[in-house]
Amino acid sequence: DTGVSQDPRHKITKRGQNVTFRCDPISEHNRLYWYRQTLGQGPEFLTYFQNEAQLEKSRLLSDRFSAERPKGSFSTLEIQRTEQGDSAMYLCASSPREGALLEQYFGPGTRLTVT
Amino acid sequence: ELKVEQNPLFLSMQEGKNYTIYCNYSTTSDRLYWYRQDPGKSLESLFVLLSNGAVKQEGRLMASLDTKARLSTLHITAAVHDLSATYFCAVDSSYGGSQGNLIFGKGTKLSVKP
């Protein structure tokens, strides 16, 4: 297994456009998380899925943001009507459901720049 | 609301020296994690600490957890340049549950100089 993958790695868009990011978790992991990281800060939790169910959303996730995980495999994060404040690194992580550690494995991230 | 504070935020060390990074958190939690991040890269898991008094070591890094004091430390022994990176601690916000949503500190940017 090659780990968590994300696509694209970089995205430059103009303000007001919509963007969509994809995350493919480690195959046997049924939990998937999205985080956002801005320069000089730690990652901030956005939302998480267990299988296809979206179980929690942060208040950071405004109504312009939507995430899906159809069939409990890959996930997409869409941002509508992007704003300059959306510029950040968007990180995806996955973890197995069972086990005390619940260790999260992070993907390489998608760096979004809104101009 | 769970808050996680790290200090120092910036640390410049000489090779061969020892130092400790501190991570305080505001409410009870089951799990504490340490991650490393190199510039422009994603996060690499270093340690997962589950119980009071837990101590884990990997190479020149040793992490410990005191749940009563709500404090974790990451100790660096005889630093080498390859340890230069940003180190984050993160705490599971779902005490007693199993969501695994992590609250991160701001990170400690470590620079090891010859």
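Checking the structure you have, find out if any residue of segment A:4-12 is in contact with a Ser or Thr (Cβ under 9 Å, 6 or more places away or on another chain) and closer than 29 Å to B:Ser29 by Cβ. Yes, segment A:4-12 contains at least one residue that is in contact with a Ser or Thr (Cβ under 9 Å, 6 or more places away or on another chain) and closer than 29 Å to B:Ser29 by Cβ.
Okay, residues lined up against (1) under 14 Å from the mean Cα position of the chain (by Cα); (2) modelled with pLDDT of 90 or more; (3) of a type in the set (A, V, I, L, M, F, W, C):
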| site | (1), (2), (3) |
| --- | --- |
| A:Glu28 | no, no, no |
| A:Trp34 | yes, yes, yes |
| A:Thr38 | yes, yes, no |
| A:Gly42 | no, yes, no |
| A:Thr47 | yes, yes, no |
| A:Ala53 | no, yes, yes |
| A:Lys57 | yes, no, no |
| A:Leu61 | yes, no, yes |
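Filtering segment A:48-65 to residues that are without any contact (Cβ under 8 Å) to a residue 24 or more places away in the chain and either in contact with a Leu (Cβ under 8 Å, 6 or more places away or on another chain) or within 9 Å of chain B (Cβ to nearest Cβ) (or both) leaves A:Tyr48, A:Leu55, A:Glu56, A:Lys57, A:Ser58, A:Leu61, A:Phe65. When the residues of segment A:61-81 are filtered to those that are closer than 16 Å to A:Thr13 by Cα and outside any loop (DSSP other than H, G, I, E, B), the one that is most open to solvent (accessible area, probe 1.4 Å) is A:Glu78. Is it true that B:Ser72 is small (Gly, Ala, Ser), modelled with pLDDT of 95 or more and closer than 18 Å to A:Glu103 by Cα? Spelling it out, B:Ser72 is indeed small (Gly, Ala, Ser), modelled with pLDDT of 95 or more and closer than 18 Å to A:Glu103 by Cα. Restricted to segment B:7-26, and to residues there that are of a type in the set (Phe, Trp, Tyr) and within 24 Å of B:Leu102 (Cα to Cα), the residue that is most open to solvent (accessible area, probe 1.4 Å) is B:Phe10.
Of all residues in segment A:9-46, those being buried (at least 20 other Cβ atoms within 10 Å of the Cβ) and part of a strand (DSSP E or B) number 11. The set of residues in segment A:66-95 that are more than 15 Å from A:Asp7 (Cα to Cα), hydroxyl-bearing (Ser, Thr, Tyr) and more than 14 Å from chain B (Cβ to nearest Cβ) comprises A:Ser66, A:Thr82, A:Ser87. Taken over segment B:27-49, residues that are open to solvent by 20 Å² or more (accessible area, probe 1.4 Å) and over 14 Å from B:Ile103 (Cβ atoms) amount to 10. Screening B:Ala90, B:Ala78 for residues that are of a type in the set (A, V, I, L, M, F, W, C) and either more than 28 Å from A:Val4 (Cα to Cα) or open to solvent by 40 Å² or more (accessible area, probe 1.4 Å) (or both) leaves exactly one candidate, B:Ala78.
The values are calculated or read from the model by the stated rules, or taken from the named source; none is laboratory data. Everything numeric in this text was worked out from a predicted model, so none of it was measured. Please note: Cβ atoms are built from the backbone with ideal geometry, for glycine as well, and neighbour counts cover all protein chains shown. SASA here: full protein model, heavy atoms, side chains in, ligands and nucleic acids out. Shrake-Rupley method; radii C 1.70, N 1.55, O 1.52, S 1.80 Å.
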